[in-house]
Amino acid sequence: MNDVGRGKLEPLDADASEFEPHFDPELDGADHDDLEPAPRRRFPWRKLFLGLVIVASLLVVLTAWLSWSLPVSRALDPLPTPALVLVSADGQPFARRGAVKEAPVTIEELPAYVPAAFIAIEDRRFYRHFGLDPIGIGRAMMANMKQGRVRQGGSTITQQLAKTAFLTNDRTFRRKGQEVFIALWLEARLTKDEILSRYLSSVYFGDGVFGLRAAARHYFNKTPDKLTTGEAAMLAGLVKAPSALNPIDHPQAAARRARVVLRAMIDNKAITEDQARRVGRIRIRPQEDLPVGGYFADWAAPQVKQAMGAQYGIVRARTTLDSRLQRRAERVVRNYLDGPGRRQGATQAALVAMRRDGAVVAMVGGRSYAASQFNRVVQARRQPGSAFKLFVYLAAIRDGARPESLVSNEPIKLGNWSPKNAEGAAGGYLTLRDAFAHSSNIAAVHVAQQAGRDAVVRAARDLGVESQMVEDATLPLGTSEMSLLELTSAYAAVAAGRGPVKPYAILDPDSPPPVGESLAEDEREALLELLRATVDEGTGRGAYVGQPVFGKTGTTTDHRDAVFVGFTGDIVVGVWVGNDDHSPMKGVTGGGLPAQIWREFVSQGLSAGLVERVRPPPPPPPEIVAPEPQDEVGGFFRRVFGGLFGR
């Protein structure tokens, strides 16, 4: 009896035949005797047929989708972005970027022992299974159980091709299921030799190398058909762990693995014991042992890749870099940091050298690329200090001032701020030439006030400065942050007589560098006079190299940054010295360490014939001219104080 109210079940009698279900006629709505026996159920053939049709349709759709979305030739396609070797302007390869994949191989072109090495160590039943190897899977499971960890894999070469060509390396059941299905699909579409050819053409061999042809060239500098038995065994052994078994970095581990492969080839009857004994020592002959990175390489590589399409092998791009100047730049920067820089609290420096059209010939982004890949030429944004005054004085020259024009050096207060000169002296008037050469801060603020902030910003933009600029009275003292590359490019515009100058790294005859607008001749001549006065008699005297030099120093508050940017002959060079944490140095100014580094680098370039020598023209004969009253800064002074100066 079922006690519903208490939720209990009475035990049934052991004899099931004595148990009779109870029917309530009132609830059933029919007499018990009127019930008919239930009809016998028939097998659902119709539903089974419908289910088979649905499964078959799904398989057809899935196969069609695979054929459309997974082209069988994908393993033979080149990499989307091929490897890039950067070559200096003087023909020296200096960096390699990206992965290498060369044209596919076919089984017919290879000696029999080459594919046999891969089959022996990766899938010895390759020609006898249907894409999956149950025997191999079982053997791997037993070995892993004995070891207590995963030591062997049961994937076939077909499965590996499915994974490398169409899937990711995610270790999930879903990815494994996809791998199995694609492997079966490949076996149905391709012959065994075609599958093996695609596998050898796309498998990863470490060191950024994909495919047997690229691996043979990279490690042995030969084509795949010229590989020896030992070399084939080493490459076949490399597939298991490309990084740990890289024969360049781990030759002993690679040699031990090659011996394992040779033993597997003997067991698989691909070679004899005698052939294995005759293998001897395997010699590694790398094609090009180039560094992957470098300050210039990091900056130049994206410029090349923008114009690259998918292709086999290695793309060699000729750059503007001069390897001879680059070596000198690195040596000079290192020597000065290790010498005077260490004593004066400077731990970092940066140097960039370019031709007048913007072709960068040397770039040192810091003390050591190995220690820090941060490029202080391109990525660091620092205040240029007085090197910014180039734009301030260009605005004044455009407003009518000339190098002999007078500018006030009297103290000035703008709001709560008053500029001060580094040497402390103030008062009276200075010519623009003297104010610029001796880097008077007070005079620069007076000049900017008369020319107007917008005119200063416009002058900077015309010379190529794109960085945001401060909107306060400190603008003329170089408080706007910018990169050393940007600042040096602006000086290159003055050297070239046209701007802006766009720095570039790739020599492409089909795409010459853009040419900016010509500077007005009188404006450029006035700027050249100011820049030369700085080196001849002003704060930049430390940069003199025995021929006309045009440049400007820059030093920020508390000596946190020191800059010298200048040009001579056909080269424009910018140098920055400082610390990454913005800590102050011990009295370092732009006319100190930066100017000295500049001078040493340019002097070495002149001695080696890598920088154009300029012979100054003979002085003109003296002329007797009547004295003229000095001009003043800008049209505003002319209008307001014209009577005072006789104008």
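The values are calculated or read from the model by the stated rules, or taken from the named source; none is laboratory data. The structure presented is a predicted model; accordingly, all values stated were derived computationally and were not measured. Note that we place each Cβ from the backbone using ideal geometry, even for glycine, and neighbour counts take in every protein chain shown.
At-a-glance table
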| read-out | value |
| --- | --- |
| Any chance Leu394 is closer than 21 Å to Gly591 by Cα and touching an Asp or Glu at 6+ places or on another chain (Cβ under 8 Å) | no |
| Strands (runs of 3 or more DSSP E) wholly inside region 288-396 containing at least 1 residues that are within 22 Å of the chain's Cα centre (by Cα) and among the basic types (Lys, Arg) | 314-318 |
| Selection within region 407-421 - outside any loop (DSSP other than H, G, I, E, B) and either touching a Leu at 6+ places or on another chain (Cβ under 7 Å) or not hydrophobic (A, V, I, L, M, F, W, C) (or both) | Val407, Ser408 |
| Among residues of region 515-537, those that are hydrophobic (A, V, I, L, M, F, W, C) and within 15 Å of Glu404 (Cα to Cα), counted | 6 |
| Every residue from region 242-281 that is hydroxyl-bearing (Ser, Thr, Tyr) and either in contact (Cβ under 8 Å) with a residue 24 or more places away in the chain or touching a Lys or Arg at 6+ places or on another chain (Cβ under 9 Å) (or both) | Ser243 |
| Test: residue in region 505-514 that is outside any loop (DSSP other than H, G, I, E, B) and either over 29 Å from the mean Cα position of the chain (by Cα) or over 30 Å from Asp90 (Cβ atoms) (or both) | no |
| Any hit, region 531-545, residues being in contact with a strand residue (DSSP E or B) (Cβ under 6 Å, 6 or more places away or on another chain), without any contact (Cβ under 8 Å) to a residue 24 or more places away in the chain, within 28 Å of Val333 (Cα to Cα) and surrounded by fewer than 24 Cβ atoms within 10 Å (Cβ to Cβ) | yes |
| Some residue of region 379-397 being without any contact (Cβ under 8 Å) to a residue 12 or more places away in the chain and either over 19 Å from Val565 (Cβ atoms) or in contact with a helix residue (DSSP H, G or I) (Cβ under 6 Å, 6 or more places away or on another chain) (or both) | no |
| Residue satisfying all of: in region 575-619; among the aliphatic types (A, V, I, L, M) and part of a loop (DSSP other than H, G, I, E, B); surrounded by the fewest Cβ atoms within 10 Å (Cβ to Cβ) among these | Ala608 |
| Odd one out for Asn441 among (1) in contact with an Asp or Glu (Cβ under 7 Å, 6 or more places away or on another chain); (2) within 26 Å of Glu537 (Cα to Cα); (3) not aliphatic (A, V, I, L, M) | (1) |
| Leading residue by the ranking (surrounded by the fewest Cβ atoms within 10 Å (Cβ to Cβ)) among those in region 546-574 that are among the hydroxyl-bearing types (Ser, Thr, Tyr) and under 22 Å from Arg367 (Cα atoms) | Thr556 |
| Residues that are surrounded by 14 or more Cβ atoms within 10 Å (Cβ to Cβ) and either among the hydroxyl-bearing types (Ser, Thr, Tyr) or part of a helix (DSSP H, G or I) (or both), drawn from region 225-250 | Thr228, Thr229, Gly230, Glu231, Ala232, Ala233, Met234, Leu235, Ala236, Gly237, Leu238 |
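Yes or no, residue by residue, for (1) among the aliphatic types (A, V, I, L, M); (2) out of contact with any Gly (no Cβ under 7 Å at 6 or more places or on another chain); (3) over 30 Å from Ser518 (Cα atoms):
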| site | (1), (2), (3) |
| --- | --- |
| Arg331 | no, yes, yes |
| Arg334 | no, yes, yes |
| Ile397 | yes, yes, no |
| Ile442 | yes, yes, yes |
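Conditions tested, residue by residue: (1) buried (at least 19 other Cβ atoms within 10 Å of the Cβ); (2) in the same structural domain as Tyr113 (by TED's automatic domain parsing); (3) within 30 Å of Val209 (Cβ to Cβ).
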position	(1), (2), (3)
Gly293	no, no, yes
Ala317	yes, no, yes
Val333	yes, no, no
Gly345	no, no, no
Val352	yes, no, no
Ala371	no, no, yes
